[in-house]
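The structure appears below as structure tokens.
The values are calculated or read from the model by the stated rules, or taken from the named source; none is laboratory data. What you see is a predicted model, and the numbers here were worked out from it, not measured in a lab. All Cβ positions, glycine included, derive from the backbone under ideal geometry; neighbour counts span all protein chains shown.
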Amino acid sequence: MFFYEHFNILILNSLELLVKQNILHKDSLKNQIFNIEIPPNSKFGDISTNVAMVYSKKSKISLANLAKKIQVELLKNKFIVKIDIVGPGFLNIFLEKSYWYSQLDNILNPNKKKKKRKKKKINIEFVSANPTGLMHIGHARGAVLGDTIASILEAMGHQVTREYYINDAGNQIELLVETIKFYFNNFNNNIEEPLPQEFYPGEYIKKIARIIYENSKKEKDYNENLFLRNESVSLILKDIKKDLKKLGVIHDVYTSEKKISTKKQVEIILNSFKEQDLIYEGFQDPPRGVNPKDWKPKKQTLFRSKLLKDDSDRSLVKPDGGLTYFMTDIIYHKKKINEDYDVILNIWGIDHSGYVARLKNAIKSLFDKSFKFEIKLTALVNLIKNKKSLKMSKRDGVYITLRDVIDEVGKDALRFMMISRSSEKIIDFDFDLIKTKTKDNPVFYVQYAHTRCNSIIKIAKEKYELEFNYDELDLSSLLLEEEIELIKLISSFEKVLYLSAIYYEPHRLTNFLYELSKKFHSYWSMGINDQNKRILIESNIKLSCARLGLIIGVKNIIYKGLKILDIKAPDKM
């Protein structure tokens, strides 16, 4: 059992005892969360907790006395050397080194059983780029974020479905069809008329149009609009899948907006809203920035969003009978909810932030099933090359494709950088930096740590004839503060993974791996100037074996972390 979990149990046991002693109220232990942290400086202890402060409001005694009571209970554990009560009620806990040896032993134990957790059925919808062009670098962030969250949740034992929602209906597809028709006219008449500004620009769409044009010659008596729609979406989606695969992203399910948005589904949803008096036939407010005098309202089916704290009632069915994005999104989420997921998670771009509450409120109104519905937003990616920002404009057909970035910097570097910060924060993606072999390039730094660990293990075997043997392991020689700090850090891996999963924050894992690599490289470099601090010492086999065990522990954790991130853990570089 790793120390976070172990101390969580020890502290809860202490609190339960205080409940029995009538010091804490009976309901005190419900829904209370306290922190267990490793202090940044070991002079403040090995572990610090704010438990006394969290429970003081539920206590019949003062905060100081509550902290003292918890201190007394915890000190009954022999591996706890002392506990200092500092500040408003923090408990700083000092442990025997032997406790940390047991933590490293947990990591190295080949027979350690995995803890069984409650398995959840989770759906993650991400990427879902419109099939109107190639994937660009802006799509990479949501793609990597969604895929990595899925992998982290799978590592925690959950059943995860990766889903792609194909936006193959609506105005954008109509515009794509019109763009291809324009090129057809050029091809038929062997002319090069300039593309109207409102159509989709760029050589890629022209290339797709040419392929469809050649295919159309083989067709007889076909519906042109339907043929162009199906062919264009199919060809573009094929390229999107190809680019995502290069990034290591493969979806389990592709759901077509057009196929699920049936007349029957529309009737079911409208009837449900009607029963709750949540829809009416009316006139929509003028869009923002439009002068009311210039606005010509048309009667349509509106959802009473204002009742749910939206600034305007929203259209579900347009005046011409067409469905709004809001309506088709409700239909799509109804499909997922009916598949009995415990958690439904959407990964969207930050430009959809104003839409989040609206959809959540509609879903909440429509379904009374017990499930968790979350939407995670991703901020922009700022591209930098030669110390200059690169500007993209889809309207002008100027954008950096995902495939070009992968070809230039590689899949591993791109994946790591896309989740190196909280998803709500802008990422500066520096092409030049990511290709350097320095600690400023985080993916190189972490991969090099794994390579260096592997090199030490290889040297131990080939030069010193030392091989790791768990049954003969004696870690008591690990006395350096840097060694204990490394053990503390690798013992934190399970908690980092847990927090990454419950908050959907993969950057916790990338930051952890970078910090671990930094501490490891620093530990390794100590032996450059002090032979007694070298990892392998020919004259001290016992110490060398213990340090070899530590290195294997570090290597195992880096390997696990990189595997979850779908990034190579190279043995050589």
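Let's see how each residue does on (1) part of a helix (DSSP H, G or I); (2) over 31 Å from the mean Cα position of the chain (by Cα):
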position	(1), (2)
1	no, no
5	yes, no
8	yes, no
11	yes, no
16	yes, yes
19	yes, yes
22	no, yes
34	no, no
39	no, no
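List, please: which pairs have Cβ atoms under 6 Å, are six or more places apart or on different chains, and start with a residue in the stretch 518-529 that is closer than 14 Å to residue 480 by Cβ and end with one that is among the acidic types (Asp, Glu) and modelled with pLDDT of 95 or more?
Hits for this filter: 523/482.
May I ask you to say which residue of 160, 127, 144 is within 20 Å of residue 378 (Cα to Cα), within 14 Å of the chain's Cα centre (by Cα) and outside any helix (DSSP H, G or I)?
127
For the stretch 429-446, give me each residue that is surrounded by 14 or more Cβ atoms within 10 Å (Cβ to Cβ) and of a type in the set (Ser, Thr, Tyr).
Of everything in the stretch 429-446, just one residue is surrounded by 14 or more Cβ atoms within 10 Å (Cβ to Cβ) and of a type in the set (Ser, Thr, Tyr), namely 445.
Just one of the numbered conditions (1) buried (at least 18 other Cβ atoms within 10 Å of the Cβ); (2) outside the structural domain of residue 400 (by TED's automatic domain parsing) is not true of residue 79; which one?
All conditions pass for residue 79, except number (1).
Go through the residues of the stretch 284-294 one by one and say whether even a single one is of a type in the set (Asp, Glu), modelled with pLDDT under 95 and over 19 Å from residue 357 (Cα atoms).
Within the stretch 284-294, one or more residues are of a type in the set (Asp, Glu), modelled with pLDDT under 95 and over 19 Å from residue 357 (Cα atoms).
Here is a check on your reading of the model: is residue 112 charged (D, E, K, R), under 30 Å from residue 480 (Cα atoms) and exposed (fewer than 14 other Cβ atoms within 10 Å of the Cβ)?
In short, yes.
Select, from 15, 10, the only residue that is among the aliphatic types (A, V, I, L, M) and out of contact with any Phe, Trp or Tyr (no Cβ under 8 Å at 6 or more places or on another chain).
Only one candidate qualifies: 10.
Of all residues in the stretch 167-217 being assigned to a helix (DSSP H, G or I) and small (Gly, Ala, Ser), which is surrounded by the most Cβ atoms within 10 Å (Cβ to Cβ)?
209
Could you check how many residues of the stretch 371-393 are farther than 27 Å from residue 336 by Cβ, within 20 Å of the chain's Cα centre (by Cα) and surrounded by 15 or more Cβ atoms within 10 Å (Cβ to Cβ)?
So the answer is 1.
Quick one: count up the residues across the stretch 470-504 that are touching a residue at least 60 places away in the same chain (Cβ under 8 Å) and in a loop (DSSP other than H, G, I, E, B).
Summing the residues that are touching a residue at least 60 places away in the same chain (Cβ under 8 Å) and in a loop (DSSP other than H, G, I, E, B) in the stretch 470-504 gives 9.
Of the numbered conditions (1) closer than 30 Å to residue 467 by Cβ; (2) in contact (Cβ under 8 Å) with a residue 40 or more places away in the chain; (3) assigned to a loop (DSSP other than H, G, I, E, B), residue 101 satisfies every one except a single condition; which is it?
(3)
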